[in-house]
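Nothing in this text is a laboratory measurement; each read-out follows from the coordinates by a stated rule. For clarity, every value in this text was computed on a predicted model and none was experimentally measured. Here the Cβ positions follow ideal geometry from the backbone for every residue, glycine too, while neighbour counts run over all protein chains shown.
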Amino acid sequence: MTLPKHIAIIMDGNGRWAQLKRRPRTFGHIKGTRVAKKIITSCSRRGVQNLTLYAFSSENWLRPLNEVSFLMRLLRRYLGRETDNLIKENIKFSVIGDLSQVPSDVCEAIKNAAESTSRCTGLNLVFALGYGSRQEITAAVKKIAEQVAAGQISCDDINENLVSKNLSTYPTPDPDFIIRTSGEQRLSNFLLWQAAYAEFYFTEVLWPNFTESHLEEALKSFSSRQRRYGKVSTDVNLEKLSN
């Protein structure tokens, strides 16, 4: 099976799952965190190089205050409990996104987890937190404009590679494969630039019900696809034979 070098997952459906169980939305988030742990470990042991999880979007700050506060506490608790396990599994942890609204104790937990796992050489695990792709691209444009204004680069130096290097995801490679659970079929402001040539996989399964078997099914789907990048099938097949 051909594995993606970078899987990105939009973990959707926690609230709906809880509502179906006639439980509060927070119950769904707790179950979703447990599922995330299993999927992270599974990707690591399968040899996936990069995994980005859409943990909290820039728009999620608009949710009710009690739910946002609970999610922040849940993240702090997760990092406090799981950092040692990440080291054990040789998983390097980092975060992308705007952390300006994230509580200081959560930022401290993020910093500790990132520093503690910085020497790990296995799976590169990225949490997108307070993340919005349009905001990320806008920030990259501003940084490039400042470089031009300072005379560090000229307008002729601006190309796709330069833009990519000014995004928060750099130097993590663009995702090969984006999975979204819960039946929704949109990116929701997630990795818009980076997803240009990603393969997509949408499933009706709500995130708290997503298992390693569902991951295996998704990976089989990816492995069966031919990624042409604008070329025709015959050219792609010839390249494979020459390699």
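Residue order for Tyr78, Tyr54, fewest other beta carbons within 10 angstrom first, comes to Tyr78, Tyr54. Among Ile91, Ile179, the ranking by other beta carbons within 10 Å of each residue's beta carbon, starting with the fewest, stands as Ile91, Ile179. Placing +1 on the Cβ of each Lys and Arg and -1 on the Cβ of each Asp and Glu in the chain, which of Asn161, Phe200, Thr41 has its Cα farthest towards the positive end of the resulting dipole? Going by the Cα projections, it comes out as Thr41. Determine the alpha carbon to alpha carbon distance for each of Lys31/Lys142; Lys37/Lys143; Lys92/Lys165; Lys92/Lys220 and list only those over 29 Å. Where the Cα-Cα span goes over 29 Å, the pairs concerned are Lys31/Lys142; Lys37/Lys143. The relative contact order of segment 6-242, computed from alpha carbon pairs under 8 Å that lie at least 6 residues apart in sequence, is 26 percent. In units of the compact-protein estimate 2.2 N^0.38 Å, segment 135-182 shows a Cα radius of gyration of 1.42.
For Ala8, the amide hydrogen comes within under 5 Å of the amide hydrogens of Thr52, Phe177, Ile178, Ile179, counting only partners 5 or more places away or on other chains and with H modelled in the peptide plane. The modelled label-to-label distance between Lys38 and Gln19, using points 7 Å beyond Cα along the C-beta direction, is 2.4 nm. This model, with +1 at the C-beta of Lys and Arg and -1 at the C-beta of Asp and Glu, gives the chain a dipole about its Cα centre of some 960 debye. Per residue, the convex hull spanned by the alpha carbons of segment 1-152 comes to 148 Å³. Based on the convex hull around the alpha carbon atoms, segment 96-193 presents an average projected area of 8.6 nm². Mean residue ellipticity at 222 nm, helices only, the chain: -14500 deg cm²/dmol; runs of at least 4 DSSP H residues each add -39,500 (n - 2.57), and the sum is divided by the number of residues. Highest mean packing comes first when the peptides 5-14, 187-196 are listed by Cβ atoms within 10 Å, giving 5-14, 187-196. Highest GNM mean-square fluctuation among Arg77, Arg119, Arg228, for the chain modelled with Cα contacts below 10 Å: Arg228.
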